[in-house]
Amino acid sequence: MGPGGTGSGWPLAGTVLVAVATSLVAGGEDCLWYVDRNGSWHPGFDCDFLTFCCGTCHQRYCCRDPMRLLTERQQRHCLAF
């Protein structure tokens, strides 16, 4: 089948394209302060250009993998809950 047909990889390719575009826009995004699973407080830190905050609510680090991106909005959501 052609592009966009049933069973084609185009929906996945579109998702990957959006993730890569997001990563380019989010390059240099900061990791906000957080509390780890042991209750220890960690200060926020900046990520270098073309890297962004990755991880979970309880563990954060800088990376280049758009699938691990943790936006500042998501981080603020962690703080609320």
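Numbers for the structure displayed
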| read-out | value |
| --- | --- |
| Local electrostatic count at residue 30 - Lys and Arg +1, Asp and Glu -1, tallied over other residues with Cβ under 9 Å | -3 |
| Theoretical gain in end-to-end length, residue 65 to residue 42 [0.36 nm per residue, Cα-Cα removed] | 6.1 nm |
| Environment charge at residue 76 (Cβ cut-off 14 Å; Lys +1, Arg +1, Asp -1, Glu -1) | -1 |
| Accessible area expressed per residue, the stretch 29-79, with surrounding protein chains retained (probe 1.4 Å, Å²) | 68 Å² |
| Highest average packing first - 54-67, 34-47, Cβ atoms within 10 Å | 54-67, 34-47 |
| Backbone N under 18 Å from the residue 77 label point (7 Å along Cα→Cβ), restricted to the stretch 31-48 | 31-35 |
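The values are calculated or read from the model by the stated rules, or taken from the named source; none is laboratory data. The model shown is predicted, which means the values in this text are computed figures rather than measured ones. Neighbour counts are summed over all protein chains in view; Cβ atoms, including those assigned to glycine, are modelled from backbone coordinates with ideal geometry. Quick note on the areas: whole protein, heavy atoms, side chains included, nothing else; ligands and nucleic acids left out. Shrake-Rupley method; radii C 1.70, N 1.55, O 1.52, S 1.80 Å.
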